[in-house]
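Please read the structure below before turning to the comments.
The values are calculated or read from the model by the stated rules, or taken from the named source; none is laboratory data. All of these numbers come straight from a predicted model, not from anything done at the bench. Virtual Cβ from ideal backbone geometry, glycine too; neighbours counted across all protein chains shown.
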Amino acid sequence: MPAYLDNAATTAMRPAAVEAMLPYLRDRFGNPSGSHAVSREAKKALEEAREVVATCLGADPSEIVFTGSGTEADNLAVFGAHAARPGVVICSAVEHHAVLHPTHALGGLLAPVLPDGTVDLDALRLLVGPEVTVVAVMLANNEVGTIQPLAEVAALVRDRAPGAVLVTDAVQAFPWVDVARLAAGAHLVAVSAHKFGGPKGVGALVVRRGTTVRPLLHGGGQERDRRSGTYNVAGIVAMAAAMQATVRDREATVARVGALRDRLADGLLAAVDGAAETGDRALKVAGNCHLTFPGVESEALLVLLDAAGVYAAAGSACASGAVEPSHVLAAMGVPRERGLGALRLSLGPETTDADVDLALATVPGAVARLREE
Ligand code: PLP
């Protein structure tokens with residue numbers, strides 16, 4: 001059996017989510033914006049899903065805006081908040097591109113991070129002033145798994161720029177941490193269903209009461225004019241089912257998967273000369289195992305692992321033929337030689353002991369082989 005260790009890229013759908021969506025792909029196909037019985041049936045399902053999503057995110061149902069992806073939720077947050085309150089935008093240097101690129105497009109600033117991947121609060125304090133209207137700091141990083149001290153960021157923003165909107169991308173955090181509690185200080189909170197056992201192409205943005213986002217999409221005026229477009233009812237219903245199951249099982253999943261991750265990371269650190277773990281494990285989500293192997297190129301390692309049935313990812317981005325360490329590793333100050341040999345093994349609720357065994361049996365030999373070449 002191959003080992004799927006790329007759950008940060010996407011997860012298998014939870015059976016409960018598949019079951020929940022099927023009726024809305026078949027006979028319950030109504031458009032919730034209409035008024036007849038078929039529409040009303042879809043509308044009822046939509047509003048029930050909204051309540052579940054709101055509860056799981058610690059929000060009121062009126063604060064949930066359904067989107068077509070995590071990327072759209074992030075874009076709506078950054079562009080939408082900025083359009084409502086023009087000013088300086090700041091984001092952490094380790095944000096996903098869905099936040100980083102909108103920030104760049106608005107001429108924004110980057111807040112540096114410490115070697116453990118957490119935002120440098122002293123530097124952020126110097127950057128945030130009254131001219132700042134949007135600050136974006138993700139709750140958990142997609143590459144190295146670091147959980148940010150969001151409550152401290154929120155307090156800093158309230159202190160230095162009381163009118164500013166705090167955006168948090170909780171896309172990678174939701175499977176592992178209590179987003180309702182940890183993101184309580186953020187005005188805008190983005191999630192994406194396919195990272196926690198829901199379908200691809202559906203996400204949500206929490207827009208707290210009193211916070212305005214200008215819409216990106218204009219049209220039928222759905223979502224109280226915050227996001228036009230006919231509802232993906234099946235996707236939204238499935239996202240709610242996946243969220244509910246994720247929250248119900250989260251504590252047990254974190255304990256079980258965290259132990260697997262520790263066995264995997266410790267095993268590889270012991271077995272491979274020069275291997276190093278990225279960041280501080282105590283600050284990472286339970287499913288993240290990120291290591292660097294100097295003297296190895298990530299892409300070549302991934303090819304060998306793929307052939308052996310270990311499905312993983314790397315943090316390097318290949319732009320115009322030149323492989324460079326990711327912006328996340330660069331921002332954390334990981335030396336280039338290490339960054340080029342990065343490997344992300346991301347575990348999920350379905351990861352088993354056998355998956356970890358296969359990775360432990362495969363990675364050291366693959367690294368050794370590449371070092372011999
Ligand atoms: N934000 C983070 C932290 C992510 O990891 C991802 C997905 O990789 C996204 C945003 C984008 O979400 P989606 O794939 O739903 O567009």
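Of the residues contained in region 69-82, none is found to be more than 24 Å from residue 146 (Cβ to Cβ) and either in a loop (DSSP other than H, G, I, E, B) or polar (S, T, N, Q) (or both). Only one entry of 98, 93 meets the criterion of being surrounded by fewer than 20 Cβ atoms within 10 Å (Cβ to Cβ), among the aliphatic types (A, V, I, L, M), within 18 Å of residue 143 (Cβ to Cβ) and within 16 Å of the ligand (Cβ to nearest atom), and that entry is 93.
I'm checking my understanding of the structure. Among residues of region 147-164 that are crowded, with 18+ Cβ neighbours inside 10 Å and outside any strand (DSSP E or B), which one is nearest to the ligand (Cβ to nearest atom)? Working first, answer last.
Initially, region 147-164 is screened for residues crowded, with 18+ Cβ neighbours inside 10 Å, giving 147-148, 150, 153-154, 156-157, 161, 164.
Among the residues that remain, those that are also outside any strand (DSSP E or B) are: 148, 150, 153-154, 156-157, 161, 164.
On the way: 148: 11, 150: 14, 153: 16, 154: 19, 156: 21, 157: 20, 161: 24, 164: 21 Å.
Residue satisfying both the conditions and the ranking: 148.
Restricting the first member to region 94-113 and to residues that are more than 19 Å from residue 9 (Cβ to Cβ) and assigned to a helix (DSSP H, G or I), and the second to residues that are within 14 Å of the ligand (Cβ to nearest atom) and at pLDDT 95 or above, the beta-carbon pairs closer than 8 Å and six or more apart or on different chains are 102/74; 102/75; 102/78; 103/78; 103/91; 103/95; 103/136. Can you spot a residue in region 242-257 that is surrounded by 19 or more Cβ atoms within 10 Å (Cβ to Cβ) and touching a Lys or Arg at 6+ places or on another chain (Cβ under 7 Å)? Yes. Where strands (runs of 3 or more DSSP E) fall entirely within region 165-241, those with at least 2 residues that are of a type in the set (Gly, Ala, Ser) are at 188-192, 203-207.
Scanning region 346-362 for residues that are farther than 14 Å from residue 2 by Cβ and part of a helix (DSSP H, G or I) turns up 353, 360. Among the residues of region 1-30, those that are surrounded by fewer than 16 Cβ atoms within 10 Å (Cβ to Cβ) and farther than 30 Å from residue 253 by Cβ comprise 26, 27, 29. Put simply, of 207, 167, 179 the only residue that is closer than 27 Å to residue 86 by Cα, within 14 Å of the ligand (Cβ to nearest atom) and buried (at least 24 other Cβ atoms within 10 Å of the Cβ) is 167.
The residue that is nearest to the ligand (Cβ to nearest atom), counting only those in region 122-146 that are in a helix (DSSP H, G or I) and in contact with a strand residue (DSSP E or B) (Cβ under 9 Å, 6 or more places away or on another chain), is 124.
Taking every residue in region 186-208 that is in contact (Cβ under 8 Å) with a residue 12 or more places away in the chain and over 10 Å from residue 169 (Cα atoms) and pairing it with any residue that is away from the ligand (no atom under 11 Å from the Cβ) and among the charged types (D, E, K, R), at least 6 positions away or on another chain, the pairs with Cβ-Cβ distances below 6 Å are 187/208; 197/14; 206/63; 207/63; 208/63. Of all residues in region 286-316, those being surrounded by fewer than 19 Cβ atoms within 10 Å (Cβ to Cβ) and more than 23 Å from the chain's Cα centre (by Cα) number 10.
Pairing each residue of region 8-35 that is over 30 Å from residue 285 (Cα atoms) with any residue that is acidic (Asp, Glu) and away from the ligand (no atom under 16 Å from the Cβ), provided the two are 6+ apart or on different chains, yields C-beta distances under 7 Å for 28/41; 30/41.
Considering only residues that are within 16 Å of the ligand (Cβ to nearest atom) and outside any strand (DSSP E or B), which ones fall in region 59-68? Within region 59-68, 68 is the sole residue that qualifies.
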